[in-house]
1. Could you run through region 127-145 and say how many residues are under 22 Å from GLY32 (Cβ atoms), part of a loop (DSSP other than H, G, I, E, B) and open to solvent by 30 Å² or more (accessible area, probe 1.4 Å)?
2. Only one of (1) over 13 Å from the mean Cα position of the chain (by Cα); (2) open to solvent by less than 40 Å² (accessible area, probe 1.4 Å); (3) of a type outside the set (A, V, I, L, M) is not met by ASP60, so which one is it?
3. Output the residue which, of all residues in region 146-161 that are among the aliphatic types (A, V, I, L, M) and in a loop (DSSP other than H, G, I, E, B), is farthest from the chain's Cα centre (by Cα).
4. For GLU113, only one of the following conditions fails: (1) modelled with pLDDT of 85 or more; (2) in a helix (DSSP H, G or I); (3) open to solvent by 10 Å² or more (accessible area, probe 1.4 Å). What is its number?
5. Considering each of ALA61, ALA88, ALA121, ALA125 in turn, give the residue that is hydrophobic (A, V, I, L, M, F, W, C) and modelled with pLDDT under 90.
6. Kindly list the number of the only condition in (1) crowded, with 18+ Cβ neighbours inside 10 Å; (2) not in a loop (DSSP other than H, G, I, E, B) that fails for LEU164.
7. All but one of (1) part of a loop (DSSP other than H, G, I, E, B); (2) surrounded by 20 or more Cβ atoms within 10 Å (Cβ to Cβ); (3) aromatic (Phe, Trp, Tyr) hold for PHE74, so report the exception by its number.
8. The conditions are (1) part of a helix (DSSP H, G or I); (2) under 23 Å from ALA22 (Cα atoms); (3) open to solvent by less than 10 Å² (accessible area, probe 1.4 Å), and ALA88 fails exactly one of them. Which is it?
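The values are calculated or read from the model by the stated rules, or taken from the named source; none is laboratory data. Since we're looking at a predicted model, the values are computed, not measured. Glycine gets a Cβ as well: all are built from the backbone with ideal geometry, and neighbour counts include every protein chain shown. Surface accessibility is based on the protein's heavy atoms, side chains included, excluding ligands, DNA and RNA. Shrake-Rupley method; radii C 1.70, N 1.55, O 1.52, S 1.80 Å.
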Amino acid sequence: MAMPSSIPYNPKKDKKNSKRKAPILLFSGDKGGIGKSFAARIFAGLLGQWGYSAVGFDGDARNAHLERYYGSVFPVGRPYLRSEAGWAQMFDGWEAVADETVILIDTQAGFGEVASQQKAAILLATEKLQREVISLWIADEEEDSVRLFKAAPELAPSDNTFFLMNGRFG
């Protein structure tokens with residue numbers, strides 16, 4: 001299976017790119033039940049097949065799918081992202097992750113508002129770590145999904161931001 005060009009090569013297999021740090025994959029969207037956790041689990045499985053190591057941060061307090069499905073495969077933290085202490089816990093966790101390890105973040109419903117409040121801290125933390133952020137915004141077919149996406153804070157450059165439409169309704 002070919003590797004997408006937006007994800008860095010595996011430093012274990014590609015020595016010339018070994019100084020490039022693995023990215024932070026941010027799975028978000030403002031609505032509940034649209035597939036954020038499902039998408040995060042798919043990527044977690046693919047990363048494992050491609051030979052990457054990963055660390056997860058499951059910010060969905062109600063449905064810890066990343067922890068439930070991959071907690072025995074790689075470390076998964078459970079920060080409560082509706083509190084300052086939860087954000088501090090996650091940022092501290094990021095600092096402990098090895099450079100070649102991908103960081104996966106699965107967020108809760110209503111993330112846009114919370115991320116707006118934490119945008120400066122998120123950008124500062126990612127800049128400090130010198131890690132690229134790839135943002136995957138999961139949406140359904142409803143018009144408000146587009147509006148919520150447009151209103152969400154920009155946490156990654158536009159060329160690293162992907163709008164994924166959940167096709168569960170046809």
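1. Of the residues in region 127-145, 2 are under 22 Å from GLY32 (Cβ atoms), part of a loop (DSSP other than H, G, I, E, B) and open to solvent by 30 Å² or more (accessible area, probe 1.4 Å).
2. ASP60 satisfies every listed condition except (1).
3. ALA152
4. Of everything listed in (1) modelled with pLDDT of 85 or more; (2) in a helix (DSSP H, G or I); (3) open to solvent by 10 Å² or more (accessible area, probe 1.4 Å), GLU113 misses just condition (1).
5. Details: ALA88 fails: modelled with pLDDT under 90; ALA121 fails: modelled with pLDDT under 90; ALA125 fails: modelled with pLDDT under 90.
Within the list ALA61, ALA88, ALA121, ALA125, the selection yields ALA61.
6. For LEU164, the failing item is (1).
7. (2)
8. Here ALA88 meets the rest and fails (3).
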